[in-house]
Amino acid sequence: MVLAALAAGYLLWGKRDVTSARIRESGVWRVGMDPSFPPFESIDPATGRPVGLDVDLVNAIAARWGVRAEIVGVGFDELVDAVAARRVDSAVSALPVFDWRTQEVGFSAPYIEAGIVLAVPRGSSIRSPDDLTGRRVAAEWGSEGDAQVRELQRRLDGNLELVLRESPDAAMGAIARGEADAVVTDAVSLALFNKNGGDLGAAGAPLRSDPYVVVVPAGSPLLLAELNRALEALEVDGTMAALRERWLGPGAGGTGQ
Amino acid sequence: MGKLRASIPAVLALLAALLLLGRGQRPWVEFGPQQHVETVNPKLAVHTRLTDEVEPWKVQRTFEMVREMGASWVVEYFLWAAHEPARAVYDWSHADLVVDHARNQGLTVIARLGYVPEWARPPKTSPLYLDKTGYDAYARFVGAFVRHFKGRVKHIVIWNEPNLSQEWGYRPVDPAGYAELLRRAYLAAKEADPDVVVLGGALAPTLAPPGGEWAMNDLDYLQAMYDAGAGPYFDGLAVHSYGWTFDPEQPPSPDAVNFRRVELMRDVMIRNGDADKPVYITEAGWNDHPRWTKAVRPAQRAAYTVQAYAKALRDWPWVKMIATWAFRYPRPAGTYQDYYTFVDGSFRPKPIYLAVQEYAHGKGVQVPGSVATP
C-alpha cells in the first residue's frame, strides 16, 4: 500500500523527487550508516552485520514501504555529503540536524531526543533548573553538560557548586556516592546509565534539545513525507517505544511527540 | 546662506559616501594599544582558522582570546587563490587584516601558503593541484607575499601535507616534485627577504604502506625529500604531531602515530646532517568528539594538551613552537573537526581553553580523572 502511495506520489511530483522514484523502481532503500556508535549502530562481532536501534528502525520503515533496506557503511563525517551527493538515498546514523546544510539535504521529524538533560534521583525535590540554588550539580568535565552547568551557575550568581568528573558515568555516579544532588548530561548517556542499574530521572524539559533525525537529499519532498508518515505510524503502533526500550532501556529517548 | 543650506544635504551625502567607502577599505574596528602576551611557555601556539572569517571584529576577538589564553604564536592559512585572483594581480586586504590584528595582540604569525587559483591549474582540478608548470607561479606568489609582509611575517610554510594524495591534488604523492617546489619557493622568498624563515614539510603523520595510493609514510617521505636534494631549501621543518588516543608520553615507534612521532622525524633530520635545524610543530593536538574512534574524552584532551605544551618546553630544545589545531571555526563544520576547537563560533571558551590559560599563567590545572598536569 505504501509502495502504491509512493507510486502515486511519483505521478504527482514527477521528476521532482528522483530519490523516491529510484526507491520505488528498484525496491531498494539505500541507507548510509556508520556502525561505530552503539547502541544505535555497531557491528555484531558474531555475524559481522550491523545491529542497533537505527538498524531496527531502518528495517521497520523498509517493511512498511515494502522495499528492501540496504545498509551502506559510510564514515560519520561523510554521511551528510554522501546523502547530498545521492550516493545513498538517506542516512540513519544517530544524526542531529545540521541546519546549515538545508540547501543540500532535508531532515525528517525526530525519532530520538538525545539532548542535554538535568537528571536527579527518584524522589528528589529538584524538578527543574530553578531548584538548583545552593545545590551540587555534576557533569562530565569539558562536555556540553559542563557548559550548561557553568551557564546555570552564572544565572544563579555562583550559588551552585560544580562537581566535575572525567566521564558521564563518573558524573552520574557522583550522585550515588553522595557527592552531588543532580547531574547534567546527555539523554543517551542517562538512558544507558539507567539500563545498567542506575536510577536517575530527567527533571524538566531538556536544557538543550538534540534530536536524532533521518537525512535525505534536498528536493525529496515525497520521500520526506513518507518517512515522516512512517515514523509517526511506528510511534503510534508502539514500535518506536519497543525499539527504545530494547536498546536504551525503559522510558528512554522519547521525543515527546 | 540659502546656498549654504541647500548644500548641507549634499555635504552630508558626501560624508556618508566617504564613510562607507572607508569601511570597505579598512577594518571597522579600532586596533587599540599594542598588546603583549603573558605566558610561562614561549613555545605555546595555536593554529587559527580565519581564511573565511570576514568580520574584522571576529578576527580581532580571535587574536585577543589567543593572547589571553597565553599563546605567543599563531599559524594561519593564506590562500594563494584569494590573494592573487588573477596572474600578478594581488589583493592583500584580508591578509593585512589578519596579520595586523595578530601583531597588535603581540602574536608571531607563521603563514601557511597554498590553495591554487584556477588560473594556475588545469580546468576541473582540485585547488590543491599544482603540476610543475605552475611551480614558478607559486614561487612568484611566495616572493610577493614575503615582500609585502616584510617586517610583519617572518615565517612561512611551503604547502601542506604533500605526503597525502588529497593534499597533492589527488595525484600520486611525489617527494621529488615537492622538493623542487620547495627549492623554487625558497629561492623566491629569500630574494624578497633574506631573513625570512622558510619551513618545509608539514607532513601528515601516517602509516600508509609503501606504494599506497592515498599517502606516503611521513618518515619515508622526509627521507625521500632529502634524497631529492631538499635539505638546503628549508630553514626549519614544519611537523604535524597528533596524539590520537595516546597520551603525550607514549614512546615513539615507526609503526605508531602518536605525539612523540616528532622525535622520529627529528632522527631523520639528524641522519641527514640537519641536527641544527629547528622543528616547528605547526599542527598538533587531540580531539574529543563523542563518537569518533580516534578521539578521547574532553578531560583527557585538556590534560594531554597541557602536558604536550609542557613537554615541548621541557624536553625538546630543538622545537621552536607547538601549535594545536584549531582555535575556532567561523561556523560549525558539523564533523569531528568541531571537537578540536578551544572556543565555539560565538567565542564561548571551552573548558580546555580555561585549562590551557591556567597553565600558561603558571597556575595548577585541575582536570578530573587525569594524570597530574604541570
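Screening A:G204 with (1) over 18 Å from the mean Cα position of the chain (by Cα); (2) at pLDDT 95 or above gives one miss only, at (2). Quickly run through segment B:88-120 and pick out the residues that are farther than 23 Å from B:L182 by Cα and of a type in the set (V, I, T). Passing the criteria: B:V98, B:V99. Residues in segment A:72-95 that are within 16 Å of A:V28 (Cβ to Cβ) and among the charged types (D, E, K, R) were compared, and the one that is surrounded by the most Cβ atoms within 10 Å (Cβ to Cβ) is A:D89. Restricted to segment A:78-105, and to residues there that are more than 12 Å from every other protein chain (Cβ to nearest Cβ), in a loop (DSSP other than H, G, I, E, B) and among the aliphatic types (A, V, I, L, M), the residue that is farthest from A:V214 (Cα to Cα) is A:A85. On the basis of being crowded, with 21+ Cβ neighbours inside 10 Å and farther than 13 Å from B:F347 by Cβ, does B:V74 make the cut? For B:V74, the condition - crowded, with 21+ Cβ neighbours inside 10 Å and farther than 13 Å from B:F347 by Cβ - is met.
Can you pull out the residues in segment B:260-313 that are among the small types (G, A, S) and surrounded by fewer than 21 Cβ atoms within 10 Å (Cβ to Cβ)? Before you say what the answer is, go through the steps one by one.
Initial filter on segment B:260-313 (among the small types (G, A, S)): B:273, B:275, B:284-285, B:295, B:299, B:302-303, B:308, B:310, B:312.
B:G273, B:A275, B:A295, B:A310 - these are the residues of segment B:260-313 that are among the small types (G, A, S) and surrounded by fewer than 21 Cβ atoms within 10 Å (Cβ to Cβ).
Looking across segment B:277-309, the residues that are within 14 Å of chain A (Cβ to nearest Cβ), under 22 Å from the mean Cα position of the chain (by Cα) and assigned to a helix (DSSP H, G or I) come down to B:R301, B:A302, B:Y304, B:T305, B:V306. Exactly one residue among A:L227, A:L207 is closer than 23 Å to B:V343 by Cα and away from every other protein chain (no Cβ under 14 Å), and that residue is A:L207. Checked against the criterion of being of a type in the set (D, E, K, R), without any contact (Cβ under 8 Å) to a residue 24 or more places away in the chain, out of contact with any strand residue (DSSP E or B) (no Cβ under 9 Å at 6 or more places or on another chain) and more than 17 Å from A:L200 (Cα to Cα), segment A:96-119 contains not a single residue that satisfies it.
Taking A:L3 as the residue in question, decide whether it is modelled with pLDDT under 95, surrounded by 16 or more Cβ atoms within 10 Å (Cβ to Cβ) and not in a loop (DSSP other than H, G, I, E, B). If you could, list the steps in order and put the result at the bottom.
Values: modelled with pLDDT under 95: yes; surrounded by 16 or more Cβ atoms within 10 Å (Cβ to Cβ): no; not in a loop (DSSP other than H, G, I, E, B): yes.
No: the conditions fail for A:L3.
Evaluate the following for A:V184: is it under 17 Å from A:I116 (Cα atoms), buried (at least 22 other Cβ atoms within 10 Å of the Cβ) and β-branched (V, I, T)? Before the answer, list the steps.
Numbers: under 17 Å from A:I116 (Cα atoms): yes; buried (at least 22 other Cβ atoms within 10 Å of the Cβ): yes; β-branched (V, I, T): yes.
Considered against the rule, which asks whether it is under 17 Å from A:I116 (Cα atoms), buried (at least 22 other Cβ atoms within 10 Å of the Cβ) and β-branched (V, I, T), A:V184 comes out as yes.
Just give me the residues in segment A:129-140 being assigned to a strand (DSSP E or B) and either without any contact (Cβ under 8 Å) to a residue 24 or more places away in the chain or crowded, with 20+ Cβ neighbours inside 10 Å (or both), in sequence order. Hits for segment A:129-140 are A:V137, A:A138, A:A139, A:E140.
For B:I352, the criteria (1) more than 11 Å from chain A (Cβ to nearest Cβ); (2) touching a helix residue (DSSP H, G or I) at 6+ places or on another chain (Cβ under 6 Å) hold in every case but one, which is (1). With the requirement that a residue be in contact with a His (Cβ under 7 Å, 6 or more places away or on another chain) and within 11 Å of chain A (Cβ to nearest Cβ), what does segment B:310-340 give you? Those that are in contact with a His (Cβ under 7 Å, 6 or more places away or on another chain) and within 11 Å of chain A (Cβ to nearest Cβ): B:Y336, B:Y339.
Yes or no: segment A:218-240 includes at least one residue that is in contact with a Gly (Cβ under 6 Å, 6 or more places away or on another chain), under 28 Å from A:G123 (Cβ atoms) and in contact (Cβ under 8 Å) with a residue 24 or more places away in the chain. No.
Checking each residue of segment A:26-44 against the condition of being away from chain B (no Cβ under 14 Å), farther than 27 Å from A:L222 by Cβ and surrounded by fewer than 23 Cβ atoms within 10 Å (Cβ to Cβ) gives at least one match.
Against the numbered list (1) out of contact with any helix residue (DSSP H, G or I) (no Cβ under 7 Å at 6 or more places or on another chain); (2) assigned to a loop (DSSP other than H, G, I, E, B), B:D247 comes up short only at (1).
Is there a residue in segment A:116-128 that is within 14 Å of another protein chain (Cβ to nearest Cβ), assigned to a strand (DSSP E or B) and aliphatic (A, V, I, L, M)?
From segment A:116-128, those within 14 Å of another protein chain (Cβ to nearest Cβ) are A:116; that's our starting set.
From the residues that got through so far, the ones that are assigned to a strand (DSSP E or B) too are A:116.
From what's left, aliphatic (A, V, I, L, M): A:116.
Within segment A:116-128 (the criterion being within 14 Å of another protein chain (Cβ to nearest Cβ), assigned to a strand (DSSP E or B) and aliphatic (A, V, I, L, M)), the answer is yes, since at least one residue qualifies.
Any residue at all in segment A:49-71 that's surrounded by fewer than 16 Cβ atoms within 10 Å (Cβ to Cβ), within 13 Å of chain B (Cβ to nearest Cβ) and either assigned to a loop (DSSP other than H, G, I, E, B) or not charged (D, E, K, R) (or both)? Scanning segment A:49-71 turns up no residue that is surrounded by fewer than 16 Cβ atoms within 10 Å (Cβ to Cβ), within 13 Å of chain B (Cβ to nearest Cβ) and either assigned to a loop (DSSP other than H, G, I, E, B) or not charged (D, E, K, R) (or both).
Applying the set (1) part of a loop (DSSP other than H, G, I, E, B); (2) more than 12 Å from chain A (Cβ to nearest Cβ); (3) touching a helix residue (DSSP H, G or I) at 6+ places or on another chain (Cβ under 8 Å) to B:Q357 leaves exactly one unmet item: (1).
Against the numbered list (1) more than 11 Å from chain B (Cβ to nearest Cβ); (2) surrounded by 17 or more Cβ atoms within 10 Å (Cβ to Cβ); (3) modelled with pLDDT of 95 or more, A:Q148 comes up short only at (3). Consider B:G362 carefully, then state whether it is at positive phi and at the interface with another protein chain (Cβ under 10 Å from one of its Cβ atoms). Taking the combined requirement at face value, the residue does not satisfy it. Output yes when any residue across segment B:172-193 is assigned to a loop (DSSP other than H, G, I, E, B), under 21 Å from the mean Cα position of the chain (by Cα) and closer than 28 Å to B:Q60 by Cα, and no when none is. Yes, the conditions are met somewhere in segment B:172-193. Among the residues of segment A:94-132, those identified as closer than 23 Å to B:P351 by Cβ and of a type outside the set (A, V, I, L, M) are A:P96, A:G115, A:P129.
The values are calculated or read from the model by the stated rules, or taken from the named source; none is laboratory data. Treat the numbers as computed from the prediction; the structure is a model and nothing was measured. With ideal geometry, Cβ positions are generated from the backbone for all residues, glycine too; neighbour counts draw on all protein chains shown.
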